[in-house]
Number of protein chains: 2
Amino acid sequence: MSKKPSIPKGTRDFNPEEVTRRNYIFNIIKETFSLYGFQPIETPSFENSATLMGKYGEEGDRLIFKILNSGDYLSKVNEELYTEKDSQKITAKISEKALRYDLTVPFARYVVQHQNEITFPFKRYQIQPVWRADRPQKGRFREFYQCDADVVGSTSLWQEVEFVQLYDAVFNKLGLRGVTIKLNNRKILSGIAQTIGAEDKLIDFTVALDKLDKIGEDGVKKEMRDKGISEDALQKLQPLFSFTGSNDEKINALKKLLHGSQIGLKGAAELEFITKNIEALGLQRASLEIDVTLARGLNYYTGAIFEVSAPTEVKMGSIGGGGRYDDLTGIFGLKNMSGVGISFGLDRIYLVLEELKLFPETVSENSKALFINFGKKEALYAMKAITNLRKAGVKVELYPDEAKMGKQMGYADKRNIPYTVLAGEKEMEVQSFTLKNMKSGEQIQVTYSELEKYLG
Amino acid sequence: MSKKPSIPKGTRDFNPEEVTRRNYIFNIIKETFSLYGFQPIETPSFENSATLMGKYGEEGDRLIFKILNSGDYLSKVNEELYTEKDSQKITAKISEKALRYDLTVPFARYVVQHQNEITFPFKRYQIQPVWRADRPQKGRFREFYQCDADVVGSTSLWQEVEFVQLYDAVFNKLGLRGVTIKLNNRKILSGIAQTIGAEDKLIDFTVALDKLDKIGEDGVKKEMRDKGISEDALQKLQPLFSFTGSNDEKINALKKLLHGSQIGLKGAAELEFITKNIEALGLQRASLEIDVTLARGLNYYTGAIFEVSAPTEVKMGSIGGGGRYDDLTGIFGLKNMSGVGISFGLDRIYLVLEELKLFPETVSENSKALFINFGKKEALYAMKAITNLRKAGVKVELYPDEAKMGKQMGYADKRNIPYTVLAGEKEMEVQSFTLKNMKSGEQIQVTYSELEKYLG
């Protein structure tokens, strides 16, 4: 192979610095999930196709990566079908497995498959890659990690309260100020739909309303009229065009607006439970804000809807989201299992931390010192110190070859290793080491225990 | 879907306890890799087929999972080829990507692709899943993790010395006694081949010699004769049939035996360098043992060959292995890059630790206490304490629903949560909590700060 090798489009190699920084984020998320009582599970990278297909709509089915059967897979395709040469029809015959498209469907499958071993309510977290045959573009990859926490088996709204706290805790630990946790409820949207007298106009309505900032009240109303929303409906929903103020004020406005819709009022009561309790408990850095235009995953969620916005100074869109879905496991035959969950957008959080320079400098797996290799005897002397330092938990290395001093120093430099240790005949004679600070150039002669103190 | 869902054969779900235990092993391996100066990289789960195919032999090619192209993939197969209906030939046209089969080939690809950004010698570790379409059987899976550390870009034998230390350090931290690190060298095997006058009989020879324990000297010699190894060769190699004693004694025997083979003597010198230096540096718990029958990856390794055996009281075979390969990146066009690396067998190590009951009890992500839910007001009171406890890093949970006491207690019991906290009207009045030890049944009334002290 003469061509320089490459990787498939939409995938990435991660170098040591990137892996370390990604792990910094993963570890904070994991630690917080665990603190909140969530326990980790892992599911296989590929599932039986029957588990995944048909769960994400037609578009989703198309974007699922299918795995080719092994062996003489074409022998299972009968002649009639083969002659048609219809890729879609043949796929089902030559592929039985597919790569995970998200973590929610495999979780639902897990819950149903292991229902007899699970103690409900089941709080699980899962951090694993997923794959989508999407067209790659800036910030959109064909392989990426999802970080999900869900509770299944309880309808208690305390869980929504805890998820708001959990978001706040994670972003606080990451040092992120100005994060907004937006909250809506599917029942509010249903109430609005009842009020405008047409459930089928709901998406058009929220899409248009979402543009209020950009195109103003008149622009939004024009778009709504164009979509066939009646003048009468616009009249009734007038309060939503000046929907500002505190969460309390918004809830009061919603109660008035939706007074004729039982489900709408239930939604308002749920919003009230969550916001009032969060107010009583306090958040560390994030703010919680009711946003009735939030319609994320509309066909999926049945109660709370969450979305987290990055600080406004970075243009990034949502860095997390989630909500409640009343029938998570129904697709696999287990009824009446309410679920609620949230997810963190790892790649975007990474970009935000990078842009705001929030990765701590200490996030590094780098060695503390490089021992210079002066020859067999000297290297053994160095290795004795290295062996002891490692036992004491200090990251140190020996330059493996007896290369020229300049080359070895250059290596420490390029690797950003902060110290070098020199031990030649002179040092060996008095059982000492010369410790060189690579930044200042300063050199001092030390004993082993002084060395351990300096580097430890 | 009415059928209970399942996962593809050869794959596994991991429940919280299993994930936690696996992470316990992963973390010790990672921590030790890092301590020895290795840095983490990650590569995509799938590579271009051209990167993987032809690198693992014909059998390997068959065992690689191929990913079906998206869209109307059959339209790219011309009529002539299509009519043949030859699965193998058509695969190349309808699949461009394949799941990673190991971590070594992707690492070689990574090194060549990023050679201008890498500072050599490059010490990398990589812990990621790999996939093989092997027939699943006990202990053999279609998806499993590999844990590899390699150095590329130096021929220094100090690296072999460090890998022996690294194995010792990891298994010591895992609490495993009686681990044997077996060491051989491809050059020794070449020397033996020269001595018996036939390179092509080398595998037959080592396979037979390996059975010495089981079938005795006569049995081994019979098998060798059956394979066409001459009486003269058997005469020359007689010392290998009583190849016991210390590493020093073995090396002396090898030097005598292989005195006519330059490459054989080089192998003996390399073994000597490694064993002498390990002797000088000392190992913590493992022992290092020269084993000339070790022929693992014969066609691949060019220098040292490692294999780690589990303690003899568990029947498990090798729990790690590795060696030196002089031309790692040559397959991708970058010549003269010597590599040396080792690997840990996660699944087998897990089974060994389980069998020997070596997983520490503290390896658990479980919550420390469950707060009983007595109603809205009481739950808020509990949530205030929970919020503060979590800020202090204590894992606690609220039972989400106002269920009957027995049900909530039963939940704590089934989840093995060691404490429950009860706070009803009585406790709220005096700002206290009742802390119940679930094992002893003992109950005490405490203030918040006492609670934090007990649970923290």
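Values in this text are rule-based calculations from the coordinates and carry no lab data. Bear in mind that the values here come from a model prediction, so they are computed numbers and not experimental data. Because the Cβ atoms are built from the backbone with ideal geometry, glycine has one as well, and the counts that use them run over all protein chains shown.
For the stretch B:106-126, state whether one or more residues are touching a residue at least 60 places away in the same chain (Cβ under 8 Å), closer than 27 Å to B:Gly333 by Cα and β-branched (Val, Ile, Thr).
yes
Looking at B:Leu257 and the list (1) out of contact with any Pro (no Cβ under 8 Å at 6 or more places or on another chain); (2) over 30 Å from A:Lys384 (Cβ atoms); (3) buried (at least 18 other Cβ atoms within 10 Å of the Cβ), which single condition is not satisfied?
Failed condition: (1).
Looking only at the stretch B:121-171, which residues are among the polar types (S, T, N, Q) and either crowded, with 24+ Cβ neighbours inside 10 Å or within 11 Å of another protein chain (Cβ to nearest Cβ) (or both)? Can you show your working first?
Applying the first criterion (among the polar types (S, T, N, Q)) to the stretch B:121-171 yields B:126, B:128, B:137, B:146, B:154-156, B:159, B:165.
Result: B:Gln126, B:Gln128, B:Ser154, B:Thr155, B:Ser156, B:Gln159, B:Gln165.
What is the one condition in (1) within 8 Å of chain B (Cβ to nearest Cβ); (2) over 22 Å from A:Ser34 (Cα atoms) that A:Arg100 does not satisfy?
Of the numbered conditions (1) within 8 Å of chain B (Cβ to nearest Cβ); (2) over 22 Å from A:Ser34 (Cα atoms), the odd one out for A:Arg100 is (1).
Could you name every one of the helices (runs of 4 or more DSSP H) located completely within the stretch A:369-434 that has at least 1 residues being closer than 23 Å to B:Thr155 by Cβ, touching a residue at least 12 places away in the same chain (Cβ under 8 Å) and over 39 Å from the mean Cα position of the chain (by Cα)?
Values: elements: A:376-391, A:405-414, A:425-429.
Qualifying helices (runs of 4 or more DSSP H): A:376-391, A:405-414.
Among the residues of the stretch B:273-319, how many are in a helix (DSSP H, G or I) and either crowded, with 18+ Cβ neighbours inside 10 Å or away from chain A (no Cβ under 14 Å) (or both)? Break it down into steps so the answer makes sense when it comes.
We begin by selecting, within the stretch B:273-319, every residue in a helix (DSSP H, G or I); these are B:273-281.
Narrowing further to those that are either crowded, with 18+ Cβ neighbours inside 10 Å or away from chain A (no Cβ under 14 Å) (or both): B:274-275, B:277-278, B:281.
The number of residues fulfilling the criteria is 5.
What number of residues within the stretch B:89-137 satisfy the criterion of being under 17 Å from the mean Cα position of the chain (by Cα) and not aromatic (Phe, Trp, Tyr)? Let's see the steps before the verdict.
Step one: of the stretch B:89-137, the residues under 17 Å from the mean Cα position of the chain (by Cα) are B:100-107, B:124-132.
Within this subset, residues satisfying the condition of being not aromatic (Phe, Trp, Tyr) are B:100, B:102-106, B:124, B:126-130, B:132.
The total comes to 13.
Is it true that some residue in the stretch A:76-83 is at the interface with another protein chain (Cβ under 9 Å from one of its Cβ atoms) and either surrounded by 20 or more Cβ atoms within 10 Å (Cβ to Cβ) or among the basic types (Lys, Arg) (or both)?
no
Is it true that some residue in the stretch A:16-25 is more than 30 Å from B:Leu334 (Cβ to Cβ) and more than 7 Å from chain B (Cβ to nearest Cβ)? Spell out how you get there, then give the answer.
So in the stretch A:16-25, the residues more than 30 Å from B:Leu334 (Cβ to Cβ) come out as A:24-25.
When the remaining residues are screened for being more than 7 Å from chain B (Cβ to nearest Cβ), the result is A:24-25.
Yes, there is a match, as at least one residue in the stretch A:16-25 is more than 30 Å from B:Leu334 (Cβ to Cβ) and more than 7 Å from chain B (Cβ to nearest Cβ).
Restricting to the stretch B:30-59, what's the tally of residues that are among the hydrophobic types (A, V, I, L, M, F, W, C) and either surrounded by fewer than 21 Cβ atoms within 10 Å (Cβ to Cβ) or facing chain A (nearest Cβ under 8 Å) (or both)?
Restricting attention to the stretch B:30-59, the residues satisfying the condition of being among the hydrophobic types (A, V, I, L, M, F, W, C) are B:33, B:35, B:38, B:41, B:46, B:50, B:52-53.
Keeping just the survivors that are either surrounded by fewer than 21 Cβ atoms within 10 Å (Cβ to Cβ) or facing chain A (nearest Cβ under 8 Å) (or both) gives B:35, B:41, B:46, B:50, B:53.
Of the residues in that region, 5 qualify.
Could you list, in sequence order, the residues of the stretch A:60-75 that are of a type in the set (Gly, Ala, Ser) and either surrounded by 19 or more Cβ atoms within 10 Å (Cβ to Cβ) or at the interface with chain B (Cβ under 10 Å from one of its Cβ atoms) (or both)?
Of the stretch A:60-75, the ones of a type in the set (Gly, Ala, Ser) are A:60, A:70-71, A:75.
Result: A:Ser70, A:Gly71, A:Ser75.
Take residues that are of a type in the set (Lys, Arg) and tell me which of the strands (runs of 3 or more DSSP E) falling wholly in the stretch B:107-188 contain 2 or more.
Working: elements: B:122-131, B:143-152, B:180-185.
Where strands (runs of 3 or more DSSP E) fall fully within the stretch B:107-188 and carry at least 2 residues being of a type in the set (Lys, Arg), they are B:122-131.
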